[in-house]
Amino acid sequence: MLVKVYAAAVQGIDAMPVTIEVNCSRGCLFHLVGLPDSAVKESHERIKSALSVNGYKFPTKEIIINMSPADVRKEGTAYDLPLAIGILASAEEVSAERLPRFMLMGEISLDGSVLPIKGALPIAILARSEGYEGLIVPEQNAREAAVVNNLQVFGVRNIREVISFLNGEAELEPTVVDTRAEFYARQASFDLDFAEVKGQESVKRALEVAAAGGHNVIMVGAPGSGKSMMAKRLPSILPPLSLGESLETTKIHSVAGKLPRGTSLIAQRPFRSPHHTISQVAMVGGGTYPAPGEISLAHNGVLFLDELPEFNRAVLEVLRQPLEDRHISIARAKCSLDYPASFMLVASMNPCPCGYYNHPTKQCVCTPGQVQKYLNRISGPLLDRIDIQVEIVPVPFEKMADTRQGEPSAAIRERVVAARRVQEERFKGEKGIYCNAQMTLRLMNIHAVPDADGLRLLKNAMQRLNLSARAYDRILRVARTIADLDGSQSIKSSHIAEAISYRNLDRAAWGNS
Amino acid sequence: MGEAMATSMLVGKGLRIRNHNWRCGKLEIDIVAESDDEIIFVEVKTRQNTYFADPKDAVTDKKIRNIVRAADAYIKEYEVDKPARFDIVEIVGNDGGAEIDHIEGAFLPPLM
């Protein structure tokens with residue numbers, strides 16, 4: 001009997017339908033066609049074992065399985081369940097009556113239990129848009145798939161449950177998640193809070209400005225001065241994720257198989273901090289069958305690069321394009337995919353090889369040449385994309401022993417959200433521009449013009465501090481955000497002055513004194 | 001000697017023997033038997049002793065593929081509509097005395 005089972009293949013962050021056709025006829029050969037990769041071919045062995053353990057007979061007839069569309073490569077282990085059900089249905093050991101109304105996916109272990117898969121969320125979105133009544137997935141993925149409404153999602157633990165459900169012997173309980181309630185409930189609870197950071201008011205302020213305008217930041221400071229500590233708290237002051245953003249981020253994590261068990265939507269902005277030994281492919285995504293990289297996993301969140309100069313130079317250079325375009329296209333001979341990658345880059349570095357250049361109490365042992373060379377490891381074009389450069393000085397003992405708490409993240413976040421609202425209003429008519437950091441030159445000429453006092457100050461500072469032309473429009477951009485935080489329409493000299501203080505690395509004097 | 005012993009054992013188990021040494025080109029099935037609800041393809045392996053390996057170990061991947069191919073041809077030629085089963089009968093010993101072991105459903109058709 002010819003039976004069709006419906007499954008899906010994940011491509012990029014979307015799924016496409018795959019129909020598994022199984023035909024049983026007289027004979028005893030077993031064929032599997034339709035471009036399966038070796039993991040799919042191995043499923044034959046898993047299915048054989050799973051069926052015999054659970055007391056079902058693997059039919060010895062001529063079985064021909066086609067996975068269509070036959071020109072798309074099917075990879076991974078998630079086809080075990082639809083293949084097994086297709087084989088049983090075709091041999092008439094399982095009723096095929098309910099099959100056309102459901103999509104199924106799942107990996108099977110030798111004892112017949114159903115194991116989690118990657119990409120359950122995009123598959124659920126596909127199942128709904130294709131008009132299926134329900135989706136059968138492993139129990140661990142059920143909550144993730146149940147985010148999609150108007151689709152019944154059934155989480156299963158064992159192949160027996162699926163078989164008795166299809167035979168109409170037992171019903172399955174659909175998984176229901178109140179996505180919104182859960183999403184908003186988990187949005188405000190952070191493990192880390194800025195209130196725990198002692199001192200460092202100027203750096204906190206810089207991070208607040210960065211969060212408000214979506215600016216990239218680099219923190220330069222001696223070892224142990226609290227760079228990583230503060231970066232880790234950054235998501236707690238960023239504006240909360242919207243449902244739409246969360247869905248995008250969850251999709252990427254779902255495809256990468258990085259969602260913790262039983263998660264529905266990701267409620268907080270992701271914070272990714274890859275180690276500096278990371279390869280290019282791990283950073284931007286890729287592989288024979290492309291998978292999302294760190295920059296896509298950090299989508300709508302923060303990518304933190306600790307010890308920036310230690311990263312392989314080529315790895316840092318590949319960041320340039322996604323930083324501008326906010327997505328990455330990965331082209332390989334077999335396919336070309338597009339992953340979103342809109343992230344805020346936060347980097348930290350030591351000021352020099354020994355780490356104590358410009359330190360208030362310790363002596364730096366590096367020569368000026370060494371300091372310059374260390375800084376040169378980061379290319380100009382990359383540094384150019386980092387609006388805020390802030391020096392961070394170790395906290396003195398009196399401050400550390402101070403038991404008073406700093407300002408909590410929630411308070412800072414309120415100001416950030418207000419500033420973002422001003423920007424939303426400002427860039428309403430502009431496509432793809434949401435915050436000050438993304439302003440084009442044309443927009444800067446309209447929105448980021450300082451008043452007369454500010455202009456005079458800027459001119460003075462440019463000459464005195466020997467700032468480059470590159471620094472000029474960075475300063476204006478940041479000054480715009482500071483003015484927004486201040487609730488001011490015009491950019492005043494105080495805003496310009498603060499913005500200038502965030503250009504530490506640009507001063508020609510750096511490394512020469 | 002081995003195949004005769006195997007045959008009498010299968011008959012003793014209530015199976016009907018359809019063919020001995022059925023050939024399809026260079027492929028061969030030692031015994032084709034039949035029960036009420038299955039058709040059984042039997043590979044007989046005889047050894048003097050098990051010093052080196054069990055007889056069943058001689059049924060290699062390649063051998064399995066050949067048996068399955070031949071069985072497929074058999075089923076299609078005789079239009080058999082029963083599900084197939086693949087057995088191995090191991091015989092260890094010589095004229096003085098032999099042990100016989102029947103492995104039912106020893107393997108399933110592999111992925112072709």
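The values are calculated or read from the model by the stated rules, or taken from the named source; none is laboratory data. Predicted model only: the values in this text are computed from it and were never measured. In this analysis, Cβ positions are derived from the backbone assuming ideal geometry, glycine residues included, and neighbour counts consider all displayed protein chains.
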Taking the stretch A:1-22 and the residues there that are over 35 Å from the mean Cα position of the chain (by Cα) and either crowded, with 17+ Cβ neighbours inside 10 Å or of a type in the set (D, E, K, R) (or both), the one that is nearest to residue B:41 (Cα to Cα) would be A:22
Can you run down the residue pairs with Cβ atoms below 9 Å, 6 or more apart or on separate chains, where the first is in the stretch A:314-327 and of a type outside the set (Phe, Trp, Tyr) and the partner is in a helix (DSSP H, G or I) and surrounded by fewer than 14 Cβ atoms within 10 Å (Cβ to Cβ)?
-> A:317/A:381; A:320/A:381
Spans of strands (runs of 3 or more DSSP E) in the stretch B:2-112 with at least 1 residues surrounded by 12 or more Cβ atoms within 10 Å (Cβ to Cβ), among the aliphatic types (A, V, I, L, M) and in contact with a Phe, Trp or Tyr (Cβ under 7 Å, 6 or more places away or on another chain) = B:27-34, B:84-94
Examine the stretch A:327-345 for a residue that is at negative phi, assigned to a helix (DSSP H, G or I) and either surrounded by fewer than 18 Cβ atoms within 10 Å (Cβ to Cβ) or at pLDDT 90 or above (or both), and state whether such a residue exists.
-> no
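Determine which member of the set A:296, A:342, A:264, A:336 is without any contact (Cβ under 8 Å) to a residue 12 or more places away in the chain, small (Gly, Ala, Ser) and within 27 Å of residue A:16 (Cβ to Cβ).
A:336
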What number of residues within the stretch A:140-176 satisfy the criterion of being within 24 Å of the chain's Cα centre (by Cα) and surrounded by fewer than 24 Cβ atoms within 10 Å (Cβ to Cβ)?
-> 4
Can you tell which of A:27, A:55 is touching a strand residue (DSSP E or B) at 6+ places or on another chain (Cβ under 9 Å), more than 15 Å from residue A:106 (Cα to Cα) and either surrounded by fewer than 23 Cβ atoms within 10 Å (Cβ to Cβ) or facing chain B (nearest Cβ under 10 Å) (or both)?
-> A:27
Does residue A:190 satisfy being touching a residue at least 12 places away in the same chain (Cβ under 8 Å), of a type in the set (Phe, Trp, Tyr) and under 25 Å from residue A:482 (Cα atoms)?
-> no
Only listed residue being outside the structural domain of residue A:8 (by TED's automatic domain parsing) and surrounded by 22 or more Cβ atoms within 10 Å (Cβ to Cβ), chosen from A:194, A:190 | A:194
Restricting the search to the stretch B:76-108, which residues are of a type in the set (Asp, Glu) and within 13 Å of another protein chain (Cβ to nearest Cβ)?
-> B:77, B:79, B:81, B:87, B:104
Residues being more than 12 Å from chain A (Cβ to nearest Cβ) and more than 20 Å from residue B:15 (Cα to Cα) - total across the stretch B:30-75 = 19
